[in-house]
1. Got the relative contact order for the stretch B:134-230 handy, in percent, Cα pairs under 8 Å and 6 or more residues apart?
2. Given charges of +1 on the Cβ of Lys and Arg and -1 on the Cβ of Asp and Glu, with all other atoms neutral, how large is the dipole of chain A about its Cα centre, in debye to the nearest 20?
3. What aspartates and glutamates sit close enough to residue B:211 to cross-link, taking a C-alpha to C-alpha distance under 14 Å and skipping anything fewer than 8 places away on the same chain?
4. Using a Gaussian network model of chain B with C-alpha springs under 10 Å, which one of B:238, B:199, B:104 is most mobile by mean-square fluctuation?
5. Cα centroids of chain A and the stretch B:190-263: how far apart, whole angstrom?
6. Let me test this: with uniform point scatterers at the alpha carbons of the stretch A:2-57, what is the Debye-based log₁₀ I(q)/I(0) at q = 0.16 1/Å?
7. What are the extents of the Cα atoms of the stretch B:70-196 along their three principal axes, in Å, largest first?
8. Kirkwood hydrodynamic radius for the stretch B:29-119: how many Å is it when counted over pairs of different Cα atoms?
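Rule-based calculations on the coordinates, nothing more; no lab input. Note that the structure is a prediction, hence the values are computed from the model and not measured. Don't worry about glycine lacking a Cβ; one is built from the backbone with ideal geometry, like all the others, and counts go over all protein chains shown.
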Amino acid sequence: MMESISTFLNMGGHGVFIWPSYLLSALVLILLLVFSLNFRKNMEAALGAFRDEKDAHK
Amino acid sequence: MSWIILVPRTKKDPKVNESSAMKRIDWLANPARFQRLSRRVRPVAAWLTVGLLAAGLYLGLFQSPADYQQSETVRIMYVHVPAAWMGLFCYVSMAVAAGVGLIWRHPVADLAAKATAPIGASFTFLALVTGSLWGKPMWGTYWVWDARLTSMLVLLFFYLGYIALVNAFDDPARGTKMSSILALVGVINVPIVKFSVEWWYTLHQSASVVKAGGPSIHPSMLWPLLLMAFAYTTYYIWILLLRIDGEIAATKIRAARMRQVHG
């Protein structure tokens with residue numbers, strides 16, 4: 001079992017190139033998702049705060 | 001490009017016979033309507049991304065065979081090729097959106113172009129880096145200045161130039177106009193990237209999927225590749241809609257502040 005996992009991870013000696021490709025792709029796409037979710041959340045919060053402020057002045 | 005700017009077509013002109021496609025584009029120009037649609041599409045795109053990624057990764061890592069020449073390194077293809085396709089696809093989408101915004105003063109189209117830029121830049125960056133990691137074991141080098149790699153790097157610079165320019169002015173309308181022109185100029189690079197492997201002698205291999213005569217790749221490798229490409233496409237739609245929503249809110253804040261300042 002352990003041996004088959006290490007054979008799989010080794011990828012015929014090319015795991016050192018294959019896994020970084022997959023990990024970096026995952027990292028960049030997850031970071032872009034997190035940044036985009038935060039960007040939207042912050043902008044909507046700022047818009048909400050701005051509207052509350054305006055209402056308070058009325 | 002000046003002739004385009006000088007001849008804006010107005011929506012109210014009764015002489016202009018608008019096609020149904022134009023009407024659909026017009027329909028989306030209303031931000032509130034766009035956001036209602038976006039809220040419904042986003043979860044669908046998100047779940048499709050998760051499902052397609054799971055299927056693509058399973059087939060790509062466990063079910064597809066090693067290549068007879070490239071051995072296991074061929075598995076880098078499943079993250080490299082979709083990223084490169086999306087780098088080009090996003091650029092064309094960005095340029096079309098920028099063109100629609102420039103010609104028809106379509107507010108959501110401008111925001112769609114702005115929202116696409118970081119996504120396309122990320123895909124292009126991933127194509128370059130994963131390509132580099134594939135190049136080392138296959139070519140013996142991480143980088144070579146051949147036509148495909150160099151034109152792909154130029155594509156990344158067009159994205160970065162666009163992002164820098166769209167945010168460079170105090171007046172966002174000027175930034176949008178300048179960056180839209182840059183996006184349209186950069187379209188010339190897209191066919192150069194695509195056909196670079198045919199026009200010049202390159203170390204990079206030529207097309208094996210999108211080419212005359214159909215794909216020359218075995219279904220056991222074509223399927224994971226296509227699933228990953230679809231996953232990247234739904235991911236793009238998901239992130240694009242999220243970012244457009246954020247940009248709409250940012251625009252509203254800016255407009256409200258302007259009203260406050262100018263009373």
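1. Value for the stretch B:134-230: 27 percent.
2. 240
3. Cross-link targets: B:198.
4. B:199
5. Comparing the Cα centres of chain A and the stretch B:190-263, I get a distance of 17 Å.
6. Values, matching the q order: -0.66.
7. Ordered largest first, the stretch B:70-196 gives principal extents of 52, 25, 23 Å.
8. The answer is 15.9 Å.
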